[in-house]
Amino acid sequence: MARSVVITGSTSGIGLGIAEGFAKAGDNIVLNGFGKEEDINKAVSKIGSLGDGSVIYHPADMTKPDEIADLIACAERTFGSLDVLVNNAGVQFVSPIEDFPAEKWDQIIAINLTSSFHTIHHAVPAMKKSGKGRIINVVSAHGLVASPFKSAYVAAKHGMMGLTKTVALEVAEHGITVNAICPGYVLTPLVEKQIPDTAKARGITEEEVKRDVLLAAQPTKEFVTTEEIASAALYLASDSARQVTGTHISMDGGWTAQ
Ligand code: NAD
């Protein structure tokens with residue numbers, strides 16, 4: 001039977017890849033995130049063409065608790081249940097701590113951490129009602145280890161690991177699992193855009209930027225793909241993963257083994 005799947009921040013990158021994976025599996029999808037209206041319409045129809053399920057778009061801003069509440073209610077309203085919640089929306093800002101703007105800190109904590117409190121807060125009653133559910137948090141290698149100049153991002157992602165474990169314990173007897181996926185570098189549009197500028201600034205080739213700058217910490221020297229992350233999410237959402245809860249799947253080319 002088609003599941004009802006909400007994916008925050010799914011108009012681009014990893015979230016879009018996860019939406020494609022669940023759509024191919026025949027599920028009903030609620031897309032969310034920012035973008036131009038025409039691009040969002042294209043994403044809705046492309047994802048809708050991948051399987052037998054339906055696709056809708058909800059514009060909730062992950063900094064606005066009321067809009068987040070409505071995103072979760074919308075999945076129940078439209079599809080009659082909420083089976084899988086993927087907390088994926090996220091932003092980055094890089095700066096030494098003493099120059100880090102307080103408003104950037106607040107924005108990153110709101111989008112990368114607090115929004116998942118709100119989605120989970122509203123999703124758990126719906127999942128308890130149906131006696132099953134899957135909560136999948138797209139975290140990062142930065143939920144496990146740090147890098148300099150990313151204080152808000154690393155703090156939020158470490159917070160997501162704590163939230164994952166805590167909620168997993170609270171809902172364990174209700175057929176609901178809560179897990180994290182911790183990717184290393186993924187070549188999303190966001191990362192791709194930085195490559196030409198970095199190459200120019202450092203006087204090196206784009207290939208050298210990928211290998212020696214972006215993938216410096218990633219032993220395989222390869223990017224993780226959005227399809228690989230979607231496969232992990234589909235596994236965590238499957239019946240086979242019933243006993244997998246309160247933990248994470250690292251997909252980081254060996255980064256956090258060092
Ligand atoms: P992306 O920029 O391609 O996508 C981010 C998505 O979040 C977009 O759909 C965007 O519209 C949405 N978004 C941003 N602010 C929002 C808001 N206020 N409300 C609703 N939606 C909002 O980035 P991505 O690389 O696909 O990142 C997705 C997630 O994966 C993030 O949580 C990120 O931290 C995590 N991640 C990314 C990488 C990587 O290398 N790209 C690595 C590890 C973890």
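The values are calculated or read from the model by the stated rules, or taken from the named source; none is laboratory data. As the structure is a computational prediction, the values presented were derived from the model and not from experiment. Virtual Cβ from ideal backbone geometry, glycine too; neighbours counted across all protein chains shown.
Structure data summary
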quantity	calculated
Residue check for VAL6: more than 9 Å from the ligand (Cβ to nearest atom) and β-branched (Val, Ile, Thr)	yes
Search result, residues across segment 11-50 that are of a type outside the set (Phe, Trp, Tyr), assigned to a loop (DSSP other than H, G, I, E, B) and either in contact (Cβ under 8 Å) with a residue 60 or more places away in the chain or within 13 Å of the ligand (Cβ to nearest atom) (or both)	THR11, SER12, ALA25, GLY33, GLY35, LYS36
Candidates GLY15, GLY48, GLY26 - the one that is closer than 22 Å to LEU113 by Cβ, at pLDDT 95 or above and either touching a strand residue (DSSP E or B) at 6+ places or on another chain (Cβ under 9 Å) or surrounded by fewer than 24 Cβ atoms within 10 Å (Cβ to Cβ) (or both)	GLY15
Any hit, segment 249-257, residues being within 12 Å of the ligand (Cβ to nearest atom), surrounded by 13 or more Cβ atoms within 10 Å (Cβ to Cβ), at pLDDT 95 or above and aliphatic (A, V, I, L, M)	yes
Residues being acidic (Asp, Glu), farther than 18 Å from VAL138 by Cα and more than 12 Å from the ligand (Cβ to nearest atom) - total across segment 60-88	3
Unmet requirement for GLY53, which otherwise passes all of (1) in contact with a helix residue (DSSP H, G or I) (Cβ under 9 Å, 6 or more places away or on another chain); (2) within 16 Å of the ligand (Cβ to nearest atom); (3) over 26 Å from MET160 (Cβ atoms); (4) not hydroxyl-bearing (Ser, Thr, Tyr)	(2)
Segments classed as helices (runs of 4 or more DSSP H), wholly inside segment 147-258, with at least 3 members that are touching a His at 6+ places or on another chain (Cβ under 8 Å)	151-171
Residue in segment 87-101 that is among the hydrophobic types (A, V, I, L, M, F, W, C), part of a helix (DSSP H, G or I) and either in contact with a Ser or Thr (Cβ under 9 Å, 6 or more places away or on another chain) or surrounded by fewer than 16 Cβ atoms within 10 Å (Cβ to Cβ) (or both) present	yes
Cβ-Cβ under 8 Å pairs, at least 6 apart or on other chains, segment 183-207 side exposed (fewer than 11 other Cβ atoms within 10 Å of the Cβ), far side outside any helix (DSSP H, G or I)	PRO189/SER12
Test result for LYS128, under 13 Å from the mean Cα position of the chain (by Cα) and either among the small types (Gly, Ala, Ser) or part of a helix (DSSP H, G or I) (or both)	no
Selection within segment 148-182 - surrounded by fewer than 13 Cβ atoms within 10 Å (Cβ to Cβ) and modelled with pLDDT under 95	PRO148
